[in-house]
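Read the figures in this text as sums done on the coordinates, not as results from a lab. Bear in mind that the values here come from a model prediction, so they are computed numbers and not experimental data. A quick note on method: Cβ atoms are made from the backbone with ideal geometry, for glycine too, and the neighbour counts reach across all protein chains shown.
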Amino acid sequence: MQVKLKVNNGQPKSTLKSMKNLIIRERYWELYLMLVPSVLILIIFKYVPMNGLIIAFQQYNIFDGILKSPFIGMENFKELFNNQEFYTVFRNTLLINSYKLLFYIPIPVLLALFINDVKNAAVRKAIQTTIYLPHFLSWVIVGGIFVNVLAVNGGIVNNLIVALGGEPLKFMYDKSLFRGVLITSSIWKEAGWATVIYLAAIAGVDLQMYEAAVIDGASKIKQIWYITLPSISTTIILVLLMSLGNILTNSFEQILVMYNPSVYEVADVINTYVYRHGVGQMEYSYTTAVGLFNSVVGFALVMSTNSICRKYLDRSLW
């Protein structure tokens, strides 16, 4: 479809009437109609609740409501930045989710490359089903599985360690081990599902490039390095940016189910901290300030990473 634009003094222009006629003529109105429910959901559940951010600047009282609660400016943020516990929680959030991201990007890519090279269709489908089945389990179930498997008394892992002559480990109570449990359980649950995206991207690679590479004598490793990975690099960066956008918020359910007071120092993250103080202690204004700070940092990470990828890799989300 070609759109003709009127040019005046070297600048392209299009009138509202011409665009309206274009939409009607090309039947775009049907596509816009399909878009309406999604836009309404976005507005109602994402933008309208943003009015509640004013609580971060108030001494909020549930009985007075937003309109009658006194405005105190930046006092909640001053309390936030003077609270040593918050810095511990913020550090835990960055460390835990950075470790997850470090493994979450390469492992699904490697799994997708492996599955793509399996020639037997039945075996390939069986592997795919097996590795992405955990995605459909809730964190309550996954947490229960890991608690039982890693239990000090009767856990499969500790039984094996004792059988090999070692001492049982308190995986769920040892501060030095608990982060590893979080990262391992997260990768086990989600890595298989992420391969679906990369398999779809690999399926879109032009087969003629592989044929040309084989003729030129390229090995399988070189085909992957020079053809497959560059071809799916846009998808990898897209997943990276989407993951960075949630880097401060994507551990809530998992940690809430699996952690305990003995590992708060190394496992308490921003969302669980907000939950305990906001819901448990009814510190609504303070925890809203924490949540707003969390969102600003996540936004800054996405914007900066997108700019870096666009500048140095010539790939970006926008």
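Things to note:
- Net charge of neighbours whose Cβ lies under 13 Å from the Cβ of Tyr275, counting Lys and Arg as +1 and Asp and Glu as -1: -2
- Cβ-based charge dipole, the range 86-312, positive-most Cα from Ser185, Val257, Val142: Ser185
- Cα gyration tensor of the range 184-318 - equivalent ellipsoid semi-axes, whole Å, descending: 41, 18, 10
- Gaussian network model of the chain, springs between alpha carbon atoms under 10 Å - residue of Gly143, Gly73, Gly291 with greatest fluctuation: Gly73
- Choice from Tyr32, Tyr275, Tyr226 showing the highest fluctuation, given a GNM over the chain with Cα pairs closer than 10 Å: Tyr32
- Long pairs among Lys100/Lys125; Lys68/Lys100; Lys46/Lys125; Lys46/Lys175, criterion Cα-Cα beyond 31 Å: Lys68/Lys100; Lys46/Lys125; Lys46/Lys175
- In the chain, taking the dipole from charged Cβ atoms about the Cα centre, the farthest positive-side position among Ala213, Ile308, Pro108 is held by Ala213.
- Neighbourhood net charge (15 Å Cβ-Cβ; Lys/Arg +1, Asp/Glu -1) for Ile145: -1
- Quick note on the range 91-180: its Rg to Rh ratio, both from C-alpha atoms and Rh being the Kirkwood radius, is 1.06.
- Ordering Ala203, Pro49, Val162 by the projection of their Cα atoms onto the charge dipole of the chain, which places +1 on the Cβ of Lys and Arg and -1 on the Cβ of Asp and Glu, puts Ala203 at the extreme positive end.
- Magnitude of the charge dipole for the range 86-312, about its Cα centre and with charges confined to Cβ atoms of Lys, Arg (+1) and Asp, Glu (-1), is about 180 debye.
- For the range 86-312, radius of gyration divided by Kirkwood radius, i.e. Rg to Rh on alpha-carbons: 1.04
- Residues in the range 276-292 that a label on Asn82 would reach, taking backbone N under 15 Å of a point 7 Å out along Cα→Cβ: 286
- Just checking the listed ones, Ile237, Ile43, Ile62: in the Gaussian network model of the chain with Cα springs under 10 Å, the one fluctuating most is Ile43.
- Per-residue [θ]222 nm for the chain (sum of -39500 (n - 2.57) over DSSP H runs n ≥ 4, rounded to 500): -19500 deg cm²/dmol
- Radius 14 Å from Cβ of Thr130, net charge of other residues (Lys, Arg +1; Asp, Glu -1): +3
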